[in-house]
1. Checking A:S432 against (1) within 14 Å of another protein chain (Cβ to nearest Cβ); (2) part of a loop (DSSP other than H, G, I, E, B); (3) among the polar types (S, T, N, Q); (4) on the phi < 0 side of the Ramachandran plot: exactly one of these is not met. Which one?
2. Only one of these conditions is not met by A:E87: (1) assigned to a helix (DSSP H, G or I); (2) in contact (Cβ under 8 Å) with a residue 24 or more places away in the chain; (3) within 30 Å of A:T195 (Cβ to Cβ). Which number is it?
3. May I ask you to list pairs of residues, at least six apart or on different chains, whose Cβ atoms are under 6 Å apart, with the first in region B:2-14 being more than 8 Å from chain A (Cβ to nearest Cβ) and the second being surrounded by 13 or more Cβ atoms within 10 Å (Cβ to Cβ) and among the charged types (D, E, K, R)?
4. Looking at region A:174-199 only, could you name the residues that are under 15 Å from A:L105 (Cβ atoms) and under 30 Å from the mean Cα position of the chain (by Cα)?
5. So for region A:441-450 (the condition being buried (at least 20 other Cβ atoms within 10 Å of the Cβ) and over 22 Å from A:A312 (Cα atoms)), does at least one residue qualify?
6. I need a count of the residues in region A:8-33 that are open to solvent by 30 Å² or more (accessible area, probe 1.4 Å) and hydroxyl-bearing (S, T, Y).
7. Of the residues A:V5, A:V42, A:V78, which single one is open to solvent by 20 Å² or more (accessible area, probe 1.4 Å), aliphatic (A, V, I, L, M) and touching a Ser or Thr at 6+ places or on another chain (Cβ under 6 Å)?
8. Residues in region A:174-193 that are within 18 Å of A:E119 (Cα to Cα), in a helix (DSSP H, G or I) and not β-branched (V, I, T): how many?
Amino acid sequence: MEDWVAIGYLLSAALFIFGLKKLGHPRTAPFGNQLGALGMLVAVLTTIFSMQLAGDAQWVLIGAGIALGSLIGYIMAVRVQMTGMPELVALFNGFGGAASALVALSEIQKYIDGGTVPEGLELTVTMVAAGLSALVGWMTLTGSLLAMYKLKGGVSVFGKWIKTPTWGPSWLNPVKVMLVIAVAVLIYLSIDDPTNTTYLWSIIGISCLLGIVLVLPIGGADMPVVVSLLNSLSGIAAAFTGFIIGNSALIIAGSLVGASGLILTFIMCKAMNRTLPDVLFKSFGGSGEKESLTRTKVGSDADEVAMMIDGAQKVIIVPGYGMAVSQCQHQVKEFADLISEKFDTEVKYAIHPVAGRMPGHMNVLLAEANVPYEQLIEMDEINSEFPECDVAIVIGANDTTNPAARSGEGPLAGMPIIDADAARTVVIIKRSLSVGYAGVDNDLFYMDKTMMLFGDGKAMMTGLNNAIKEI
Amino acid sequence: MTPELLIGNITLFVLAIFLGFELITKVPATLHTPLMSGANAISGISIIGALIGANVAYESGDTAISGILAFVAVVLAMINVVGGFMVTNRMLNMIAGKKRRGA
C-alpha cells in the first residue's frame, strides 16, 4: 500500500474519532456528524484515487454502485417521517452489516473461483475473520430487519395487517448458545477445507437464524436497546472484514463503532433501569398473556377538560408514542400557547427517556413544532414537580406512566416512570383503555382524579383547543 | 500476510476498541438516537472494502459471482453511509438547531 493511502485512512480515522466524541454533546453534535461524514468522504476518495493511480479503477461498476446507493439512501433519508426514524436507523444498520458480510463472502468467492486460496497463517486468519464477519454481519441484517418490523408494530400483506410476533420461551436461550457454538465449529472445519462452500453457506444460514431468534423475544421499550446493540455488531462486522482484506480503515472505524456502540447500549439500559442480559434473555412484555380488561371508565369531553384547565397554575404535558402516531405536536404546541396566554398557566413537558419508540423521539417531534427547548424537562428532574402540578395531560403515553412499574412485579417492574399520578388531576388522551406495548393494564386510567378523552390525539387536541378558545 | 502484519492489525483492533470505550461517557437521552445513527453511518466504512472488492473482481473478469456480491455490497454500504449521515443530520437539526434559537 502506498504511504499516502495509509495517511489518508489515518486522517479519516481521526475524523471519525473527533466526530463520535462531538456527537455526545448537544451543542457540538451536528458538527460531529459532519466530521464523521467528512471522514467517510476522505476514506472513499483515498480508495478511489489509489485505484486510479494504479491504473485499474473500474469506473462503470464503482460509479454505478456509488450512484445507486447514494440515490436510494438520499431518497430514504429525505422522505422518512419523523415517526419512522427509528425504523430507518434499524434498516440502515442492517444494510451496513450485510455489506460487511458480503465483502467477506466476495473475497472468499474470489479465492475459490480464481484458484488462489491462501495458505498457512493467511488462510487461518482469512477463514476465521470471514466466518466471524458472516456471523455478525448476517445476524445484524436479519435482526435489524425484524427489529424494524417490530418498531413498526407489524407488516401489511395484501392489505391485511399482520402484527409482528413476540415469542421467546426460556428454552430458546440455550438454542442461541448452541447456534453460536455451531458457527464456531463450522469456522474450524472451513479452515481445513476452504474451497468447500457448504461450510460457508451453513454459517450464513445459521447466522441469519440467530439474528431472528435473538430479536424475536424482545419487545416493548427494549427495542431501541437492541437496535443499539445491533449497531455495535455491525461495526464489529466491518472490523472483521478489515482483517480479511488487510485494511486499517475498516479495522479502526469498525472497532470504534463496535466499542462506542456497546457503551451507548449500556447507557441506554441504565436509563431504563435494565441490564443488558435482562434485555436479551428475559422476555419483556407481549410474550405472556395480555391482561384482559375487566374495568371500565367513563370518558370525559373537551369542554369539561377545558373548564378544569381554566384556573390551573401549572400544567405538565406528558407525550408518548400516540402523539407521534397522530402527528398532533403542532396542536399540542397551540394548546400550550393558548393556556399560557389566556389563563397565564405555566406549561412544561415531561420527557420520559424511552417515550415513543426511540430515545429522544419526543424531543424531535416537539422541536419540530417549535416548542422551546427549556420547556422540555427530563423525567428525573420533573418528577418532583408533579405534586404541585394542577393538571397532568398525558397524550398517547401508557407504559411510561403506569404505576404498576413501581410494584416490582410484571413486565414493567423496575422501569422508571413519569409520576403523572401525583398530579392533582390527570387528563389522558388515548384511543381506548387498551394495554400498552408491555401488555399491562394501567391503574392510572381508573383513578378518580383521572379524566379520559377517548379518541385520536389530533382530533382531541383540536377539540380541546376550540373549547378553550370559547371560554 | 506476514505475522508482523497480523500483529499490527490486531494491535489496531484492540487499541481502537479501548478508544471506543473511552470515547463515549455521559450522553443525554436526547442524543442517544442521533449518536446511534451517526455511529451506524460510520460503520458503513465497509464501503471501502466493497469498492476494493468490486474493483478487483471486475478487473480479473473470471469471478462474476464475486463481482456481483461486491457490487451489491457497494450499493448497500452506500445507502448506509449517505442515508445514515443525512438522517442523523435531520434529527440533530430538529433537536439542536431549535435549541439554539430557543435559548
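The values are calculated or read from the model by the stated rules, or taken from the named source; none is laboratory data. Quick caveat, the model's predicted, so the values are computed rather than measured. Cβ coordinates were reconstructed from backbone atoms using ideal geometry, including for glycine residues, and neighbour counts include every protein chain displayed. The protein model used for the area step is the full one, side chains on, heavy atoms only, and it has no ligands, DNA or RNA in it. Shrake-Rupley method; radii C 1.70, N 1.55, O 1.52, S 1.80 Å.
1. Result: A:S432 passes all but (1).
2. (3)
3. none
4. Of region A:174-199, the ones under 15 Å from A:L105 (Cβ atoms) are A:183, A:186-187, A:190, A:194-199.
Once the filter is applied, which keeps residues that are under 15 Å from A:L105 (Cβ atoms) and under 30 Å from the mean Cα position of the chain (by Cα), region A:174-199 yields only A:V183.
5. Yes, region A:441-450 has at least one match.
6. Within region A:8-33, the subset open to solvent by 30 Å² or more (accessible area, probe 1.4 Å) is A:10-11, A:14, A:17-18, A:21-22, A:25-28, A:31.
Checking the rest, the ones that are also hydroxyl-bearing (S, T, Y) come to A:28.
So the answer is 1.
7. Numbers: A:V5 fails: open to solvent by 20 Å² or more (accessible area, probe 1.4 Å); A:V78 fails: touching a Ser or Thr at 6+ places or on another chain (Cβ under 6 Å).
It is A:V42.
8. First pass over region A:174-193, keeping only residues within 18 Å of A:E119 (Cα to Cα): A:187-193.
When the remaining residues are screened for being in a helix (DSSP H, G or I), the result is A:187-192.
Add one more test, that the residue is not β-branched (V, I, T), and what stays is A:188-190, A:192.
Here the count works out to 4.
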